[in-house]
Amino acid sequence: MTELRQSALAILALADAQMKVSRVFELFDDYQQQRITLKTADILNEQGLQLPGRPQKPELIPPLEVPKRRMDTVEGRASLLHSLAHIEYNAINLALDAIWRFPNMPQKYYEDWLKVAKEEAYHFTLVNRYIQSFGFTYGDFPAHNSLWEMVERTKDAVIARMALVPRTMEARGLDAVPMIRDRFKQIKELGAVEILEIILRDEIGHVGIGNHWFNFLCAKENLSPISAYRDLAKKYCAPKLRGPFNMEARKQAGFSDEELGLLGV
């Protein structure tokens with residue numbers, strides 16, 4: 001019988017996006033049907049794998065070099081949605097990485113991140129299918145790699161990963177997605193609006209999972225979440241958060257009133 005964390009590592013190394021998505025769905029179903037085991041204590045290693053596996057395209061460029069996306073052309077709208085598809089592809093990878101890389105967490109931790117991987121794969125599928133309706137596909141536009149760079153930086157500590165990837169990098173999506181949704185709403189691109197509503201709903205849950213496990217680890221180590229986050233953000237060079245912030249979505253995702261009060265300070 002195959003094992004969940006080892007399987008997550010193998011899927012993470014896959015370079016073909018569609019194969020990765022299919023394997024994530026299969027892994028989720030296999031675990032739900034108890035066709036796969038979970039060994040939380042195993043220490044796994046990359047064994048010379050190139051992580052994450054990614055297709056040759058999109059070309060990865062610095063964030064400031066990514067072209068501005070205009071809404072008054074089909075190509076511009078496809079490019080904006082492509083940026084979301086790229087985020088979702090990276091989010092599949094970060095969920096898989098959270099599963100295989102960190103041993104000795106509770107069973108629910110691995111189940112939570114498996115659910116995230118499955119939902120991110122669903123988001124990627126929705127967005128890429130919509131891009132294809134415009135005559136484009138994932139890989140046709142350049143993209144940046146900021147999200148995965150933070151995954152790389154935090155590979156030595158699960159508390160840093162929980163602090164700085166879901167509840168920092170991914171939480172920015174809670175702020176950005178409603179604005180992108182409203183741009184598509186203005187031009188009556190209602191299919192895109194519907195997809196963005198699904199993404200926002202699910203991302204609140206994903207950031208909430210990051211918050212839950214960050215607070216769990218803080219409690220385990222008798223740390224203040226506020227000061228622990230500040231120290232980790234400094235140590236791992238996290239980007240300074242800038243508004244506007246979606247306070248309601250962030251509250252739903254489990255940020256405390258004290259944390260929300262410190263945003264932008």
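Bear in mind that the values in this text are calculations on the coordinates, not laboratory data. The shown structure was predicted, so the numbers you read here are calculated from the model rather than taken from an experiment. Note that each Cβ is placed from the backbone with ideal geometry, even for glycine, and that neighbours are counted across all protein chains shown.
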> What helices in the chain pass both tests, a Cα length along the helix axis of 30 Å or more and a mean Kyte hydropathy of -0.5 or higher, using whole DSSP H runs?
Replying inline: 74-101, 190-220
>> Taking the Cα of residue 111, stepping 7 Å toward and past its beta carbon, and measuring to each backbone N in region 40-83: which are under 20 Å?
In response: 40-42
> Considering the zone a paramagnetic label at residue 60 would reach in this model (a point 7 Å from Cα along the Cα-to-Cβ line), which residues of region 112-153 have amide N under 17 Å from it?
Replying inline: 139-153
> For region 204-253, what number results from the quotient of the Cα radius of gyration and 2.2 N^0.38 Å?
Replying inline: 1.23
> Listed highest first by mean packing, meaning other Cβ atoms within 10 Å per residue, what order do 24-33, 159-168, 207-216 come in?
Replying inline: 159-168, 207-216, 24-33
>> Under 5 Å between amide hydrogens, which residues at least 5 positions from residue 3 or on another chain qualify, with H placed 1.01 Å from N in the peptide plane?
In response: 37
>> Sequence gap at least 6, Cα distance under 8 Å: using those rules, report the relative contact order of region 71-262 to the nearest whole percent.
In response: 21
> For region 71-262, what number of Lys pairs, 8 or more residues apart or on separate chains, have alpha-carbon atoms under 19 Å from each other?
Replying inline: 4
>> Using a Gaussian network model on the chain with a 10 Å cutoff between Cα atoms, which of 155, 235, 39 fluctuates the most?
In response: 235
> Within region 80-127, which trypsin sites (Lys or Arg not before Pro) sit in a loop by DSSP and count at most 16 neighbouring Cβ atoms inside 10 Å?
Replying inline: none
> Hey, what's the Cα Rg ratio for region 37-175 versus the globular rule of thumb, 2.2 N^0.38 Å?
Replying inline: 1.13
> Can you give the helix-only mean residue ellipticity at 222 nm for the chain, where every DSSP H stretch with n ≥ 4 adds -39500 (n - 2.57) and the sum goes over all residues, rounded to the nearest 500 deg cm²/dmol?
Replying inline: -20500 deg cm²/dmol
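If you wrap a convex hull around the Cα atoms of the chain, how much volume per residue is inside, in Å³?
Convex hull of Cα atoms, per residue: 129 Å³.
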